[in-house]
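The structure under discussion appears below in the form of structure tokens.
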Amino acid sequence: QREFKQTGLGSGFIVDSSGVVITNNHVVERADTIKVRLADRREFAATLAGADPRTDVAVLRIQAPNLKALKWGDSNALRLAEWVLCIGSPLDPNLEHSVSAGIISAKGRSNLGVAENSIVDFIQTDAAINPGNSGGPMLNLRGEVVGINAAIKTNTGGYMGIGFAVPAAMARPISETLLAGGRITRGW
């Protein structure tokens, strides 16, 4: 019997210069090892500080010098037709740090069949989001993180102009709670 190791690709972003990286839960779920490669091509082993499948948010830690962090923005202040930028590594590691631009098509999207058991009210955009973009930042034009690229709605598996992001208003407190205690507890 042969052992098979599968590798995956996702995106993420640094929110604290101490080495805190945010990504999607589905990017790191069931991973044996996690590596983070920065824009300058340095690679670091990452540890999972915590993950929440219901919001699809995961927090990683890396030990690295000279990190620059992105700032969180206010996703509640987003307006329909506002421009956003989505950054990630779509489809292939050689396409790392690709940027696509689009507009906010809708806010509060849920029950779309794009994330199982999700409690997220997604931000919808027409910015190109493809497999591999998951976990990357959605930025407003001030360079603030307003969402985490999370999913696409597609018949083919590729970009069809309907992408979704976890809003920063949900992702930020979830990530801070995960960082503080490693898990999210919810009432019934």
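Which of the residues belonging to segment 74-92 are assigned to a loop (DSSP other than H, G, I, E, B) and either over 14 Å from G108 (Cβ atoms) or touching a Pro at 6+ places or on another chain (Cβ under 9 Å) (or both)?
D74, L78, A81, E82, S89, P90, L91, D92, listed by residue number.
Tally up the residues in segment 16-60 that are farther than 30 Å from R109 by Cα, open to solvent by 30 Å² or more (accessible area, probe 1.4 Å) and of a type outside the set (V, I, T), please.
Final tally of qualifying residues: 12.
Tell me, which residue of segment 149-188 that is of a type in the set (F, W, Y) and either surrounded by 22 or more Cβ atoms within 10 Å (Cβ to Cβ) or out of contact with any strand residue (DSSP E or B) (no Cβ under 8 Å at 6 or more places or on another chain) (or both) is nearest to V120 (Cα to Cα)?
F164
Among the listed residues R109, R79, identify the single one that is over 25 Å from A39 (Cα atoms), modelled with pLDDT under 95 and of a type in the set (K, R).
R109
Considering only segment 74-98, how many residues are among the hydrophobic types (A, V, I, L, M, F, W, C), closer than 15 Å to V166 by Cα, more than 15 Å from the chain's Cα centre (by Cα) and open to solvent by 40 Å² or more (accessible area, probe 1.4 Å)?
Of the residues in segment 74-98, 1 are among the hydrophobic types (A, V, I, L, M, F, W, C), closer than 15 Å to V166 by Cα, more than 15 Å from the chain's Cα centre (by Cα) and open to solvent by 40 Å² or more (accessible area, probe 1.4 Å).
Can you name the residue in segment 134-144 that is in a strand (DSSP E or B) and in contact (Cβ under 8 Å) with a residue 60 or more places away in the chain and is also most open to solvent (accessible area, probe 1.4 Å) among such residues?
Top of the filtered list is E144.
Checking the conditions here, which among K71, K5 is at pLDDT 95 or above and surrounded by fewer than 17 Cβ atoms within 10 Å (Cβ to Cβ)?
Result of the check over K71, K5: K71.
Return yes or no: is P131 of a type outside the set (V, I, T), closer than 18 Å to G12 by Cα and assigned to a loop (DSSP other than H, G, I, E, B)?
Yes, satisfied.
Quick one: count up the residues across segment 43-76 that are touching a residue at least 60 places away in the same chain (Cβ under 8 Å) and either closer than 12 Å to S18 by Cβ or aliphatic (A, V, I, L, M) (or both).
6
The values are calculated or read from the model by the stated rules, or taken from the named source; none is laboratory data. The shown structure was predicted, so the numbers you read here are calculated from the model rather than taken from an experiment. Cβ: placed from backbone, ideal geometry, glycine included. Neighbour counts: every protein chain shown. The protein model used for the area step is the full one, side chains on, heavy atoms only, and it has no ligands, DNA or RNA in it. Shrake-Rupley method; radii C 1.70, N 1.55, O 1.52, S 1.80 Å.
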